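> Sharing a structure below in structure tokens format, with a few things to ask.
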Ligand code: NAP
Ligand code: SF4
């Protein structure tokens, strides 16, 4: 497969990029870590070597008030310049180009010095901002210009001015957060004065031959956001003020519309950029859920944008552009939009990485070295942990054999990809299948590992990635035909009836409810359910949601006292909870299960008797380890590494499974 539009050079004015792939800005947490700039240099070098057309760094603040969190990265002095030079040198050595994003958090900052156009607290930070004075505004503008000049001194090819996602500039541009009555507020012309003066000041400092990208909020997705006409006025004005490229911003962080979670169909927002293409002349960048070269190529081929931005997909695979250019899309490790190791980590104030690529942001720690002496390795299980172990071990030159009793690789991911919004999980299975071929792993599917296989295989070491099996709670009546297990349902062995009770409110209980609600991954369906106005005729781009009834009554029960879905990811839990609520799913905590019979599930809820009438009861009560062979290996003196769910089923997730598998592969 070739991608002619993706791989045609583009003149951005001050620089020309060799392909249309922009690595979008993403905070990694390394910006503030000890020795973080060395690690950031390695992180960006890997992406430049992978042939990314243009990299944009994570957001760097122009001053202290603009910090996202206390002691966040700043570009304000020559000391900062020295740190950043490590990054720019690494990228340029690898043949890449890089721009620094200047981000002032405004009222999104998580510290007491926060400022904003008006003193209105955001729903996502406890700190009430100070309204900027006229002098404060002038200082902030010159701090933006200073940051850009220092970025140039540090060797960057340009800057991106962050004007979207609800940060300070965006707070100025919309009526929701700008209540000023002076010349920095009022109508759209007053509200956009702040970004225009920033751009003019930057241009004056850096000259004409330095790239300026402006990230424009094209769709705020909050009440009292801008109208489309106001967005167009802003786009034309920033073009006039001297920016070279406009990047698309979709949705504020406080918006109650998911814009990058896995429920968002691929390329779901390219139509917004396409509308803007009709209005302005400079290059435009499309964003959000563009995670494969094919999606990117289609957007470019349709003329909807001049470049595409990918952030998380380049965490997942730094070599995505190179593999696409070499017509090897099957070898790309695709981002599955889970947010579990990238955005969730950042919101938990941890360093970012990637669920499908644990080496992301830890390039030095996860460097793969050839084995000193090749060994014959048995990997038991071809779920995510076993696949990661197998390909890592084989990459190092070992002779690797993988066994799985199922007829195909993928383990629990084969179930996950049946859930609406999780179709991308199939990409991980495709990637591992391809990598096994490329690295020479010998695959034995539909084959049990017996004592004889262990005895006669001539193995030097074993990696036990035999996974988990569903927990079977002991409730009277569990042998009723009404009782189904989640794996049977997701495999399609049984179709539950119209009234379903789910036992268990963990990730799989929530996935089961989503599966039973149904619905697909189509863009129209998603826009309707989340109330996005694709006619662009309303303020902020919001309209009343339209939910299509699923025809099923679904109830989720759990025993504990905590809030429903408390263990779900920080950045995606609210999406799942809202989806279930919109679709009428009821949840009951503090449930004591008494028995199951033809009427349904008899229980006590908060100490009071309660019957949950049900056609089917689907058990999603966690898992237990499946590792019976470990003892046999040890008896026979075979060195065995136990990874993933086979090691500990509790708190298992694919992030731990893939990381443990990879580390085992590095250790043999
Ligand atoms: P889980 O998160 O451990 O949840 C198990 C559920 O079963 C809990 O709600 C628990 O709640 C209940 N339970 C446990 N023992 C029980 C028993 N003996 N009888 C009745 N109920 C019992 O397990 P999971 O849902 O199977 O998920 C497995 C892993 O996959 C988790 O780590 C999860 O994070 C991950 N996962 C994540 C996602 C995601 O979207 N991020 C999606 C799917 C899976 P009570 O003890 O309160 O009853
Ligand atoms: Fe994508 Fe998940 Fe990796 Fe984040 S952690 S980059 S969402 S695959």
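The values are calculated or read from the model by the stated rules, or taken from the named source; none is laboratory data. This structure is a prediction, so every number in the text was calculated from the model and none was measured. Every residue, glycine as well, gets a Cβ built from its backbone with ideal geometry; the counts of neighbours run over all protein chains shown.
> Which of the helices (runs of 4 or more DSSP H) contained wholly in region 192-306 include at least 1 residues that are in contact with a helix residue (DSSP H, G or I) (Cβ under 6 Å, 6 or more places away or on another chain) and over 29 Å from residue 62 (Cα atoms)?
Values: elements: 193-206, 228-241, 270-277, 293-301.
Qualifying helices (runs of 4 or more DSSP H): 270-277, 293-301.
> Can I ask one more? For residue 538, all conditions in the list (1) modelled with pLDDT under 95; (2) away from ligand 1 (no atom under 12 Å from the Cβ) hold save one; what is the number of the exception?
Here residue 538 clears every test but (1).
Here's the yes/no breakdown for (1) in contact (Cβ under 8 Å) with a residue 60 or more places away in the chain; (2) more than 16 Å from ligand 2 (Cβ to nearest atom); (3) buried (at least 22 other Cβ atoms within 10 Å of the Cβ); (4) under 9 Å from the mean Cα position of the chain (by Cα):
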position	(1), (2), (3), (4)
284	no, yes, yes, no
287	yes, no, yes, no
293	yes, no, yes, no
299	no, yes, yes, no
305	no, yes, yes, no
317	yes, no, yes, no
320	yes, no, yes, no
325	yes, yes, no, no
337	yes, no, yes, yes
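> If I filter region 363-379 for residues that are within 16 Å of ligand 2 (Cβ to nearest atom), closer than 30 Å to residue 453 by Cβ and either crowded, with 24+ Cβ neighbours inside 10 Å or within 20 Å of the chain's Cα centre (by Cα) (or both), do I get at least one hit? It would help to see each step written out before you state the result.
First pass over region 363-379, keeping only residues within 16 Å of ligand 2 (Cβ to nearest atom): 363, 366.
From what's left, closer than 30 Å to residue 453 by Cβ: none.
No, the conditions are met nowhere in region 363-379.
> Output the residue which, of all residues in region 430-475 that are in a loop (DSSP other than H, G, I, E, B) and free of Cβ contacts under 8 Å to residues at least 40 places away in the same chain, is surrounded by the most Cβ atoms within 10 Å (Cβ to Cβ). I'd like the intermediate steps shown before the answer.
Filtering region 430-475 down to residues in a loop (DSSP other than H, G, I, E, B) leaves 440-441, 445-450, 457-460, 465-467, 471-475.
Next, from what is left, pick out any that are free of Cβ contacts under 8 Å to residues at least 40 places away in the same chain: 450, 474.
On the way: 450: 12, 474: 6.
The qualifying residue surrounded by the most Cβ atoms within 10 Å (Cβ to Cβ) is 450.
> While we're here: More than 16 Å from ligand 2 (Cβ to nearest atom) and touching a helix residue (DSSP H, G or I) at 6+ places or on another chain (Cβ under 8 Å), is that true of residue 397? Quick ask: steps written out before the conclusion?
On the way: more than 16 Å from ligand 2 (Cβ to nearest atom): yes; touching a helix residue (DSSP H, G or I) at 6+ places or on another chain (Cβ under 8 Å): no.
For residue 397, the condition - more than 16 Å from ligand 2 (Cβ to nearest atom) and touching a helix residue (DSSP H, G or I) at 6+ places or on another chain (Cβ under 8 Å) - is not met.
> On to the next question. Could you list all residues from region 343-361 that are outside any helix (DSSP H, G or I) and either within 8 Å of ligand 2 (Cβ to nearest atom) or within 11 Å of the chain's Cα centre (by Cα) (or both)? Walk me through it before giving the result.
So the first thing to find is which residues in region 343-361 are outside any helix (DSSP H, G or I), and the list is 348-361.
Within region 343-361, 352, 353, 354, 355, 356, 357, 360 qualify.
> Only one residue in 72, 29, 66 is buried (at least 23 other Cβ atoms within 10 Å of the Cβ), closer than 28 Å to residue 252 by Cα and touching a helix residue (DSSP H, G or I) at 6+ places or on another chain (Cβ under 8 Å), so which one is that? Don't jump to the end; show me each part of the working.
On the way: 72 fails: buried (at least 23 other Cβ atoms within 10 Å of the Cβ); 29 fails: buried (at least 23 other Cβ atoms within 10 Å of the Cβ).
That would be 66, the only listed residue that is buried (at least 23 other Cβ atoms within 10 Å of the Cβ), closer than 28 Å to residue 252 by Cα and touching a helix residue (DSSP H, G or I) at 6+ places or on another chain (Cβ under 8 Å).
> Can you name the residue in region 565-576 that is more than 9 Å from ligand 1 (Cβ to nearest atom) and farther than 14 Å from residue 257 by Cβ and, of all such residues, is surrounded by the fewest Cβ atoms within 10 Å (Cβ to Cβ)? Break it down stepwise before answering.
Taking region 565-576 as the starting set, the residues that turn out to be more than 9 Å from ligand 1 (Cβ to nearest atom) are 565-566, 570-571, 574-575.
Then keep just the ones that are farther than 14 Å from residue 257 by Cβ; that gives 565-566, 570.
On the way: 565: 20, 566: 11, 570: 14.
Out of the qualifying residues, it is 566.
> Being assigned to a helix (DSSP H, G or I) and in contact with a helix residue (DSSP H, G or I) (Cβ under 7 Å, 6 or more places away or on another chain), is that true of even one residue in region 632-639? Don't jump to the end; show me each part of the working.
Within region 632-639, the first condition is being assigned to a helix (DSSP H, G or I), and the residues that meet it are 632-635.
Applying the additional criterion that residues be in contact with a helix residue (DSSP H, G or I) (Cβ under 7 Å, 6 or more places away or on another chain) yields 632-633.
Looking through region 632-639, at least one residue is assigned to a helix (DSSP H, G or I) and in contact with a helix residue (DSSP H, G or I) (Cβ under 7 Å, 6 or more places away or on another chain).
> Go through region 55-81 and give me each residue that's free of Cβ contacts under 8 Å to residues at least 60 places away in the same chain and assigned to a helix (DSSP H, G or I).
64, 79
> Same structure, new question: Those residues that are touching a strand residue (DSSP E or B) at 6+ places or on another chain (Cβ under 6 Å), over 19 Å from residue 622 (Cα atoms) and not in a strand (DSSP E or B), I need them from region 483-515; list them, please.
Answer for region 483-515, where residues must be touching a strand residue (DSSP E or B) at 6+ places or on another chain (Cβ under 6 Å), over 19 Å from residue 622 (Cα atoms) and not in a strand (DSSP E or B): 494, 496, 497.
> Could you say whether any residue in region 585-594 is in contact (Cβ under 8 Å) with a residue 60 or more places away in the chain, outside any helix (DSSP H, G or I), within 38 Å of the chain's Cα centre (by Cα) and within 21 Å of residue 467 (Cα to Cα)? Give the derivation first.
To start, the set of residues in region 585-594 that are in contact (Cβ under 8 Å) with a residue 60 or more places away in the chain comprises 585, 587, 589, 593-594.
The next check asks that each one be outside any helix (DSSP H, G or I); those that pass are 585, 587, 589, 593-594.
Next, from what is left, pick out any that are within 38 Å of the chain's Cα centre (by Cα): 585, 587, 589, 593.
Then keep just the ones that are within 21 Å of residue 467 (Cα to Cα); that gives none.
Among the residues of region 585-594, not one is in contact (Cβ under 8 Å) with a residue 60 or more places away in the chain, outside any helix (DSSP H, G or I), within 38 Å of the chain's Cα centre (by Cα) and within 21 Å of residue 467 (Cα to Cα), which makes the answer no.
> Of the residues in region 615-631, how many are within 15 Å of ligand 1 (Cβ to nearest atom) and in a loop (DSSP other than H, G, I, E, B)? Full working, then the answer.
Taking region 615-631 and keeping what is within 15 Å of ligand 1 (Cβ to nearest atom), we get 617-626.
Okay, now just the ones that are also in a loop (DSSP other than H, G, I, E, B), so 620-622, 626.
Here the count works out to 4.
> Moving on. Check region 100-113 and report whether any residue there is modelled with pLDDT under 95, touching a strand residue (DSSP E or B) at 6+ places or on another chain (Cβ under 9 Å) and surrounded by fewer than 21 Cβ atoms within 10 Å (Cβ to Cβ).
Yes: region 100-113 contains one or more residues that are modelled with pLDDT under 95, touching a strand residue (DSSP E or B) at 6+ places or on another chain (Cβ under 9 Å) and surrounded by fewer than 21 Cβ atoms within 10 Å (Cβ to Cβ).
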